[in-house]
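The values are calculated or read from the model by the stated rules, or taken from the named source; none is laboratory data. Predicted model only: the values in this text are computed from it and were never measured. Quick reminder, even Gly has a Cβ in these numbers, built from the backbone with ideal geometry, and neighbours come from all protein chains shown. Just so you know, the surface numbers come from the protein's heavy atoms only, side chains and all, with ligands and any DNA or RNA stripped out. Shrake-Rupley method; radii C 1.70, N 1.55, O 1.52, S 1.80 Å.
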Amino acid sequence: MGSWGTNIFESDETLDLLDEFTEAEDATTALQIVETALASAASYDEVMEASVGARAVAAGAIVAESCQPGSLAAFGAVETEGPRIFATDELIQLALRAVDAAWGPDSEWMDLWIESGDELEYAARIEKIRNALNSQNSRIRD
């Protein structure tokens, strides 16, 4: 892996997904990019490839941004301008499942973080994504 850092958007795969999202022509295309990354991870039935996990975490952070504007910068994103997507209950649930799978025991992405010795710092970032998603999910259900 070329770029590697403990913030969400400090690896090649996560930066690639962010670029695809911010360069999308419209919100529909941007949403498809996010949903595809999330669905790929949420439905994975083997040991998840690191690239799938990284893209799922990045997509989860983008959905968290739609719940708590300004969080992309907090996750290390330099480029934060892009189409606005609306976080429906279904999208939030998909994001939570995908992030959990990407940061689960059957994920090469998690294994890479364990090998790096920075898994606790990265886990704190994952928890921030989950908190933003859960916070919005609670508001939608109330």
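Observations on the model:
- Ranked by solvent-accessible area (1.4 Å probe, protein heavy atoms only, all chains present), the residues 88, 36 order from largest to smallest as 36, 88.
- Share of carbon and sulfur in the accessible heavy-atom surface of the chain [1.4 Å probe, %]: 47 percent
- The heavy atoms of residue 22 present about 20 square angstrom of accessible area, all protein chains included, probe 1.4 Å.
- Using R0 = 41 Å, the C-beta based FRET efficiency linking residue 111 and residue 27 works out to 0.75.
- Available extension along the chain between residue 131 and residue 49 is 27.0 nm, counting 0.36 nm per residue and deducting the alpha carbon span.
- Exposure ranking of 4, 113 by accessible area [1.4 Å probe, largest first]: 4, 113
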